[in-house]
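The values are calculated or read from the model by the stated rules, or taken from the named source; none is laboratory data. Every value quoted in this text rests on a predicted model; they were computed, and no experiment measured them. We place every Cβ from the backbone using ideal geometry, glycine too, and count neighbours over all the protein chains shown. Side chains are part of the model used for accessible areas, which takes the heavy atoms of the whole protein and leaves out ligands, DNA and RNA. Shrake-Rupley method; radii C 1.70, N 1.55, O 1.52, S 1.80 Å.
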Amino acid sequence: MALRPVTVVAAVCDECGWTALQAGDDRQGAGYRAGRAGWQTFDDSDRAYCPDHWHVECEQCDREASGSETGLLKAGWRCINCRSGRALCPDHAKDWRATWR
């Protein structure tokens, strides 16, 4: 058995610094594995958030919030796709059917 250093890529939460246990050979593989484990990752940027710190932005008023998916839903946020940050704040979520036709 040989011991050698290897390079792996893993997601690191931009809010708390937690490192995902899921790693990959490249950025895309690490992002895919972290996403499957509940992380919020973005294909077009280097941002990543652990399951406790998802970031969402209201599509109607640009209001922002962060928290776990469950916490955001309990606070009244309505997600189009929380993994991508697309959502409606509690004020605009009341009329979500008219907004997302």
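List of remarks:
- In the elastic network of the chain, a GNM with C-alpha springs shorter than 10 Å, the most mobile of G71, G31, G85 is G71.
- For the chain, modelled as a GNM whose springs connect Cα atoms under 10 angstrom apart, the maximal fluctuation among A48, A37, A11 occurs at A37.
- With contacts taken as Cα pairs under 8 Å at a separation of at least 6 residues, the range 1-55 carries a relative contact order of 30 percent.
- Stokes-Einstein translational diffusion, the chain - Kirkwood Rh over all Cα pairs, 1.002 mPa s, 20 °C, in µm²/s: 147 µm²/s
- Computed with a 1.4 Å probe over protein heavy atoms only, the accessible area of D52 comes to about 90 Å².
- Theoretical FRET efficiency, 1/(1+(r/R0)^6), r = Cβ-Cβ of T19 and D91, R0 30 Å, to 0.05: 0.25
- Were the residues from A37 through Q60 laid out at 0.36 nm apart, the gain over their Cα-Cα distance would be 5.4 nm.
- Label zone at Q28, where the point sits 7 Å out along the Cα-to-Cβ direction: the range 71-87 residues whose backbone N lies under 20 Å: 84
- Qualifying chymotrypsin sites (Phe, Trp or Tyr not before Pro) in the range 2-101, where qualification requires a DSSP coil assignment and no more than 12 other C-beta atoms within 10 Å, comprise W100.
- Each Lys and Arg contributes +1 and each Asp and Glu -1, all at the Cβ; summed about the Cα centre of the chain, the dipole is approximately 400 debye.
- The range 30-101, relative contact order in percent, only Cα pairs under 8 angstrom and at least six apart counted: 24 percent
- Dividing the summed -39500 (n - 2.57) terms of all DSSP H runs of n ≥ 4 by the residue count of the chain sets its mean residue ellipticity at 222 nm at -5500 deg cm²/dmol.
- Extent along principal axes [Cα atoms of the range 1-43; Å; largest to smallest]: 36, 20, 15
- To put it simply, the accessible area of the chain at a 1.4 Å probe is 46 percent carbon and sulfur.
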